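Asks: Attaching a single structure in structure tokens format; questions to follow.
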């Protein structure tokens, strides 16, 4: 579907300022929404809201449905009386410029456990909590039990749990549910807090004219509640371990490709049940956000299958995905949905056909635009309207970092095309994205702030040291919102009533 001409900012909530070691759904998130509105931005794009996985990546979550409990606003729990001032003493090792998960995770989990203990010792809000648990029972029961068991077994792969639990034998599951009752209640309480707070924040954004663009990773982590609960939907062996895994083949950026490690779907099993699992996943995400970005969309047309025994992605093969059958089933059940397709990578005619059949906007990245000639599809003059343009995404360097590392030819081409010497290449890319014919332009907040490579969010293929970036309000000059508003208004992406000439 087409989106109105608009623009927005890419920033994950963990990157927000805050007192407790990482960004969350607290006061800074509401202040950021106010900043977006002041800057004329109508969209806030975030990364997946699920829990983090290996390397602290939000794309390797322990659940396709549950939220990241580290995003829970602790001050809100304090306001309800479940935490006191002494509980919230800041940790001496917190770092303002980055999320140190080795410090943040134990700190926040300790506070959540204290809050849960006080909540269950009281009777206030229990009706609301119980109503929530019933409303999401289809995924919450499996998730809470999975997390309780994962803690019990020290987070070893679920295939190595007691055999009865790995096989999900009814007797073993019932016994575990009784034994781990309090731990199950804890994880359920955390999800209630997450969704209650998120809905309040999203409502605040919507009331100020800001829509939230969420993100669905096409694949999910092996160590997740859904793979454990629905083993028949994934390519697992008799030992419950993946037989084949996801990734992408070797390309210009990597001689060995990328071995992601996610289990692949057993698509014939999904088709047999009418794609019910995928339909529910899409449904729940559209309840959580306004617009859904589907990561690695090309995997629905064809995906790279790697034997699990391989240590790189070199010895894989292309396999046919579910294609239009999946999206026909989704559309028949849920209607036409606001979806953005991440169509980067090796794009073949079947991917293009899938995008066109369902009228889904793809993505264009300006950092990719200057490596070829005038026919490069990432150059703005080659865009079509039904497109979302970015200077760069969370996987790219910042604009300044990219320009500094680019070849001389790329810098020269960019300079001539953008009519710039490159002194403010970040604003040059923001301007080029905004004035393009693309319906939606998304700018990374690092580029608004004019930051270099030391502030990038992720570097694909690097397992450690990323997903940690944060900003401080001191970095946000008032002039940035004014400048962004002017660019946005001049290009018809927001009301021009505040423009001054």
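Asks: How about the range 151-164: which of its residues are without any contact (Cβ under 8 Å) to a residue 24 or more places away in the chain and either under 30 Å from the mean Cα position of the chain (by Cα) or more than 21 Å from residue 237 (Cα to Cα) (or both)? Steps first, answer last, please.
Replies: If we filter the range 151-164 for residues that are without any contact (Cβ under 8 Å) to a residue 24 or more places away in the chain, which is where we start, we get 153-154, 156, 160-164.
Scanning the range 151-164 gives 153, 154, 156, 160, 161.
Asks: Okay, moving on. Going through the range 129-145 one residue at a time, which ones are under 23 Å from the mean Cα position of the chain (by Cα) and closer than 15 Å to residue 186 by Cβ?
Replies: Residues of the range 129-145 under 23 Å from the mean Cα position of the chain (by Cα): 136, 138-140, 142-144.
Selection gives 140, 143, 144.
Asks: Say whether the condition of being part of a loop (DSSP other than H, G, I, E, B), on the phi < 0 side of the Ramachandran plot and crowded, with 18+ Cβ neighbours inside 10 Å is met by at least one residue in the range 350-357.
Replies: Initially, the range 350-357 is screened for residues part of a loop (DSSP other than H, G, I, E, B), giving none.
Scanning the range 350-357, I find no residue that is part of a loop (DSSP other than H, G, I, E, B), on the phi < 0 side of the Ramachandran plot and crowded, with 18+ Cβ neighbours inside 10 Å, so the answer is no.
Asks: Also: Can you pull out the residues in the range 70-104 that are assigned to a helix (DSSP H, G or I) and either more than 29 Å from the chain's Cα centre (by Cα) or more than 20 Å from residue 27 (Cα to Cα) (or both)? Give the steps one after another, and end with the answer.
Replies: From the range 70-104, those assigned to a helix (DSSP H, G or I) are 70-71, 74-79, 86-88, 101-104; that's our starting set.
Correct list: 86, 87, 101, 102, 103.
Asks: Quick one: how many residues across the range 261-273 are under 26 Å from residue 463 (Cβ atoms) and surrounded by 21 or more Cβ atoms within 10 Å (Cβ to Cβ)? Before you say what the answer is, go through the steps one by one.
Replies: Residues of the range 261-273 that are under 26 Å from residue 463 (Cβ atoms), as a first pass: 261-265.
Pick out the ones that are also surrounded by 21 or more Cβ atoms within 10 Å (Cβ to Cβ) and you get 262-265.
Looking only at that region, the number is 4.
Asks: Something else: Tally up the residues in the range 27-48 that are within 21 Å of residue 209 (Cα to Cα) and in a loop (DSSP other than H, G, I, E, B), please.
Replies: Of all residues in the range 27-48, those within 21 Å of residue 209 (Cα to Cα) come to 27-47.
After this cut, where a residue has to be in a loop (DSSP other than H, G, I, E, B) as well, the list is 39-42, 46-47.
Qualifying residue count for the region: 6.
Asks: Filter the range 327-349 down to residues that are out of contact with any strand residue (DSSP E or B) (no Cβ under 8 Å at 6 or more places or on another chain) and either part of a helix (DSSP H, G or I) or closer than 19 Å to residue 274 by Cβ (or both), then give me how many there are. Step through it out loud before you land on a result.
Replies: Narrowing the range 327-349 to residues out of contact with any strand residue (DSSP E or B) (no Cβ under 8 Å at 6 or more places or on another chain): 327-336, 347, 349.
Adding the requirement that they be either part of a helix (DSSP H, G or I) or closer than 19 Å to residue 274 by Cβ (or both) leaves 327-336, 349.
Counting residues in the range 327-349 that are out of contact with any strand residue (DSSP E or B) (no Cβ under 8 Å at 6 or more places or on another chain) and either part of a helix (DSSP H, G or I) or closer than 19 Å to residue 274 by Cβ (or both) gives 11.
Asks: Tally time: how many residues in the range 324-349 are free of Cβ contacts under 8 Å to residues at least 12 places away in the same chain and at positive phi? Full working, then the answer.
Replies: Restricting attention to the range 324-349, the residues satisfying the condition of being free of Cβ contacts under 8 Å to residues at least 12 places away in the same chain are 328, 332, 335, 349.
In the following step, the residues that additionally are at positive phi were identified as 335.
Residues that pass the stated criteria total 1.
Asks: Between 232, 226, which is at pLDDT 95 or above, assigned to a helix (DSSP H, G or I) and surrounded by 18 or more Cβ atoms within 10 Å (Cβ to Cβ)? Spell out how you get there, then give the answer.
Replies: Numbers: 232 fails: surrounded by 18 or more Cβ atoms within 10 Å (Cβ to Cβ).
One residue alone meets the criteria, 226.
Asks: Follow-up question, since we're still on this one. Select from the range 125-154 the residues that are part of a loop (DSSP other than H, G, I, E, B) and either touching a helix residue (DSSP H, G or I) at 6+ places or on another chain (Cβ under 9 Å) or at pLDDT below 95 (or both) and write down the one among them that is nearest to residue 115 (Cα to Cα). Write out each step before concluding.
Replies: Restricting attention to the range 125-154, the residues satisfying the condition of being part of a loop (DSSP other than H, G, I, E, B) are 125, 136, 153-154.
Still in the list and also either touching a helix residue (DSSP H, G or I) at 6+ places or on another chain (Cβ under 9 Å) or at pLDDT below 95 (or both): 125, 136, 153.
Details: 125: 13, 136: 22, 153: 24 Å.
Per the criteria, the residue is 125.
Asks: Just need a number here: residues in the range 204-219 that are within 24 Å of residue 108 (Cβ to Cβ) and either touching a helix residue (DSSP H, G or I) at 6+ places or on another chain (Cβ under 6 Å) or not in a loop (DSSP other than H, G, I, E, B) (or both).
Replies: Taking the range 204-219 as the starting set, the residues that turn out to be within 24 Å of residue 108 (Cβ to Cβ) are 204-205, 212, 214-215, 217.
The next check asks that each one be either touching a helix residue (DSSP H, G or I) at 6+ places or on another chain (Cβ under 6 Å) or not in a loop (DSSP other than H, G, I, E, B) (or both); those that pass are 204-205, 212, 214-215.
Final tally of qualifying residues: 5.
Asks: Hey, which of the helices (runs of 4 or more DSSP H) in the range 388-459, taking only ones fully inside, have at least 1 residues that are within 28 Å of residue 29 (Cα to Cα)?
Replies: Numbers: elements: 399-405, 408-418, 425-435, 445-449.
By residue number, 399-405, 425-435, 445-449.
Asks: Okay, moving on. Which count do you get for residues in the range 274-295 that are more than 30 Å from residue 8 (Cα to Cα) and either surrounded by 14 or more Cβ atoms within 10 Å (Cβ to Cβ) or touching a helix residue (DSSP H, G or I) at 6+ places or on another chain (Cβ under 7 Å) (or both)?
Replies: 3
Asks: Given the criterion touching a helix residue (DSSP H, G or I) at 6+ places or on another chain (Cβ under 7 Å), over 22 Å from residue 7 (Cα atoms) and in contact (Cβ under 8 Å) with a residue 12 or more places away in the chain, identify the matching residue among 422, 391.
Replies: Values: 391 fails: over 22 Å from residue 7 (Cα atoms).
It is 422.
Asks: Collect the residues in the range 365-382 that are in a loop (DSSP other than H, G, I, E, B) and under 25 Å from the mean Cα position of the chain (by Cα), keeping them in residue-number order. Write out each step before concluding.
Replies: The first filter runs over the range 365-382 and keeps only residues in a loop (DSSP other than H, G, I, E, B), leaving 369-379.
Hits for the range 365-382 are 369, 378.
Asks: Of all residues in the range 387-411, which are under 26 Å from the mean Cα position of the chain (by Cα) and farther than 17 Å from residue 435 by Cβ? Steps first, please.
Replies: Of the residues in the range 387-411, the ones under 26 Å from the mean Cα position of the chain (by Cα) are 387-403.
Once the filter is applied, which keeps residues that are under 26 Å from the mean Cα position of the chain (by Cα) and farther than 17 Å from residue 435 by Cβ, the range 387-411 yields 392, 393, 394, 395, 396, 397, 398, 400, 401, 402, 403.
Asks: Please work out if residue 307 is farther than 24 Å from residue 285 by Cβ and in contact with a helix residue (DSSP H, G or I) (Cβ under 9 Å, 6 or more places away or on another chain).
Replies: Here the answer is no, as residue 307 does not meet what is asked.
Asks: Within the range 471-486, is even one residue touching a strand residue (DSSP E or B) at 6+ places or on another chain (Cβ under 7 Å) and touching a residue at least 60 places away in the same chain (Cβ under 8 Å)? If you could, list the steps in order and put the result at the bottom.
Replies: Our first condition is that a residue be touching a strand residue (DSSP E or B) at 6+ places or on another chain (Cβ under 7 Å); within the range 471-486, this holds for none.
Taking every residue of the range 471-486 in turn, none turns out to be touching a strand residue (DSSP E or B) at 6+ places or on another chain (Cβ under 7 Å) and touching a residue at least 60 places away in the same chain (Cβ under 8 Å).
Asks: Next question. Would the range 177-184 turn up any residue that is modelled with pLDDT under 95, over 24 Å from the mean Cα position of the chain (by Cα) and either part of a loop (DSSP other than H, G, I, E, B) or within 24 Å of residue 318 (Cα to Cα) (or both)? Write out each step before concluding.
Replies: So in the range 177-184, the residues modelled with pLDDT under 95 come out as none.
No - not one qualifying residue is present in the range 177-184.
The values are calculated or read from the model by the stated rules, or taken from the named source; none is laboratory data. All figures in this text were calculated on a predicted structure; none of them were measured in a lab. Cβ: placed from backbone, ideal geometry, glycine included. Neighbour counts: every protein chain shown.
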